[in-house]
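These notes are about the structure you will find just below.
All of the numbers you see were taken from the coordinates with simple rules; none came from a lab. Keep in mind that what you see is a predicted model, and the values were worked out from it rather than measured. No Cβ is skipped: glycine too gets one built from the backbone with ideal geometry, and neighbour counts run over all protein chains shown.
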Amino acid sequence: MRYRSARKQDVNRIAIEPELQMSQLADVFAELHKHPFYQFGSLDTPGELHIAPFSRESLTTLTDSQLQSIGPCSSLQDYYTSALQLILDLILRQEKYSRGAVDAYLIHCFLLDVLPRVMPKKQARET
């Protein structure tokens, strides 16, 4: 009998948790909306508000024996432009898309070219 009641409690808890999680996530986004972000990247020092380049392997390259990453970025378009330019550089150095490099290069050049036309227009921030 205890097993059945425990399972019933688990089912009820699991059914309620997604609503609670969504509510908490909404609270986090509402709080974040109150604070303007002028750059985005990674926080490099705990407790400080210094924005550093991204800490993501796919946005990192090794140049002259030094690890370099894109960022911080001031806009979404800046982020995409930097990421696409990095991919183009990696293709030219034969570090990415070893098969079909020409096609990959042309596709990424096209993406870089159309980026300004497909990016959303800047909207005034509500206060």
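One table, with the values for the structure above:
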{"item": "Within straight-line cross-link reach of LYS96, aspartates and glutamates at Cα separation under 15 Å, skipping those fewer than 8 residues along the same chain", "result": "GLU57"}
{"item": "Relative packing of 74-81, 110-117, which averages over residues the other C-beta atoms within 10 Å, highest first", "result": "74-81, 110-117"}
{"item": "Segment VAL118-LEU106, length gained on full extension (0.36 nm per residue, minus Cα span)", "result": "2.5 nm"}
{"item": "Spatially proximal aspartates and glutamates relative to LYS121 (Cα-Cα < 17 Å; intrachain offsets below 8 disregarded)", "result": "ASP78, ASP113"}
{"item": "Point-to-point label distance, ARG56-LEU20, nm (Cα→Cβ direction, 7 Å offset)", "result": "3.1"}
{"item": "Residues in segment 27-43 reached by a label modelled at SER74 [backbone nitrogen below 16 Å; 7 Å Cα→Cβ]", "result": "37-41"}
{"item": "Full-stretch length increase - ARG99, GLN85 - with 0.36 nm per residue and alpha-carbon distance subtracted", "result": "3.1 nm"}
